[in-house]
Amino acid sequence: MQSFDEIRDYAKNVLSEKRFLHTLSVAEEAKELALIWGEDIDKAYLAALVHDIAKEMPFEASKEILKKAGLQHNFSRPLIHGPVAEYMARGKFGINDEDVLNAIRYHSTGRVGMSLLEKIIFVADFTEPRRLYQDSKEVRELSRKDLDAAMLLQCDRCIKFLIDTGKVVNTLTVDLRNSLITQQKRGKDK
């Protein structure tokens, strides 16, 4: 596997300054959440460094990569970078930790049955301190107390935004939200 420094240097070379600074901020947020929730800090930092590595890649090039790899490529333009980044993490950076790879792949959509690391990257991407909107601040504050509740709030806010702006809502996010609500209700019934 390539070193953190090599991956960070690659990211700096392929991403715009704004996206690179976002990546570094997500990495710091992921480390903080890992510390709070007892996850491996290095794994959190690694997944965060790679999560947006394909974000600014042209859509057609992203589709072609997934097609050549024989991977499902029915993702929309804003979400395709997750599976492409996972593919790059394996092939370009030599990352073979499935938990890290899943955290990279599902950082934008979430999914049912997320590991702790996946949850941390999902939330860190939304709550990194450079994101100044109110929803981000509220989810960030909640993430220090209850990670699953923070994820539910994040899903609610994202889904509402997508509906309000007439955009497609990814079914993985809807399924995650429903799973979190079911889990929350089960917890209250005990």
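The values are calculated or read from the model by the stated rules, or taken from the named source; none is laboratory data. These figures come from a predicted structure and were not determined experimentally. Counting neighbours? That spans all protein chains shown, and the Cβs are built from the backbone with ideal geometry, glycine included. Keep in mind that these areas ignore ligands, DNA and RNA; they rest on the heavy atoms of the full protein, side chains included. Shrake-Rupley method; radii C 1.70, N 1.55, O 1.52, S 1.80 Å.
In the stretch 69-92, the qualifying residues are those that are within 22 Å of L162 (Cα to Cα) and part of a loop (DSSP other than H, G, I, E, B), and the one that is most open to solvent (accessible area, probe 1.4 Å) is R77. Just one of (1) among the aliphatic types (A, V, I, L, M); (2) under 25 Å from I80 (Cβ atoms); (3) more than 16 Å from the chain's Cα centre (by Cα) fails for A149. It is (2). The residues on offer are L116, L132, L147, L176, and the sole one that is in contact (Cβ under 8 Å) with a residue 60 or more places away in the chain, open to solvent by 50 Å² or more (accessible area, probe 1.4 Å) and of a type in the set (A, V, I, L, M, F, W, C) is L116.
Taking the criterion of being touching a Gly at 6+ places or on another chain (Cβ under 7 Å) and more than 20 Å from L152 (Cβ to Cβ), the residues of the stretch 76-124 that qualify are I104, R105. Figure legend. Inter-residue proximity from the stretch 47-68: first residues under 27 Å from D5 (Cα atoms) and part of a helix (DSSP H, G or I), second residues of a type in the set (D, E) and open to solvent by less than 60 Å² (accessible area, probe 1.4 Å), beta-carbon distance below 9 Å, spacing 6+ or different chains. Indicated pairs: A47/D97; A47/D99; A47/E118; A48/E29; A48/D125; A48/E128; V50/E86.
Residue under question is R157, and the condition is that it be touching a residue at least 12 places away in the same chain (Cβ under 8 Å), within 24 Å of V50 (Cβ to Cβ) and charged (D, E, K, R); does it hold? So R157 fails the test. The residues in the stretch 1-41 that are among the basic types (K, R) and within 17 Å of H107 (Cβ to Cβ) can be counted, and the count is 2.
Before we move on, is I65 at pLDDT below 95, β-branched (V, I, T), open to solvent by 20 Å² or more (accessible area, probe 1.4 Å) and over 24 Å from A150 (Cβ atoms)?
Values: at pLDDT below 95: yes; β-branched (V, I, T): yes; open to solvent by 20 Å² or more (accessible area, probe 1.4 Å): yes; over 24 Å from A150 (Cβ atoms): yes.
Criteria met by I65.
Kindly establish whether E39 is in a helix (DSSP H, G or I), out of contact with any strand residue (DSSP E or B) (no Cβ under 8 Å at 6 or more places or on another chain) and of a type in the set (D, E, K, R). No, not satisfied. When Y106 is tested against (1) open to solvent by 10 Å² or more (accessible area, probe 1.4 Å); (2) of a type outside the set (V, I, T); (3) without any contact (Cβ under 8 Å) to a residue 60 or more places away in the chain, just one condition goes unmet, and that condition is (3). Checked across the stretch 26-34, the condition of being in contact with a Lys or Arg (Cβ under 8 Å, 6 or more places away or on another chain) and either open to solvent by 10 Å² or more (accessible area, probe 1.4 Å) or not in a helix (DSSP H, G or I) (or both) holds for no residue. Of everything listed in (1) outside any loop (DSSP other than H, G, I, E, B); (2) open to solvent by less than 70 Å² (accessible area, probe 1.4 Å); (3) not aromatic (F, W, Y), the single unmet condition for I95 is (1).
Are any of the residues in the stretch 77-100 at positive phi and touching a residue at least 24 places away in the same chain (Cβ under 8 Å)? Yes, because at least one residue in the stretch 77-100 is at positive phi and touching a residue at least 24 places away in the same chain (Cβ under 8 Å). Restricting Q154, Q183 to residues that are polar (S, T, N, Q) and touching a Phe, Trp or Tyr at 6+ places or on another chain (Cβ under 6 Å) narrows the list to Q154.
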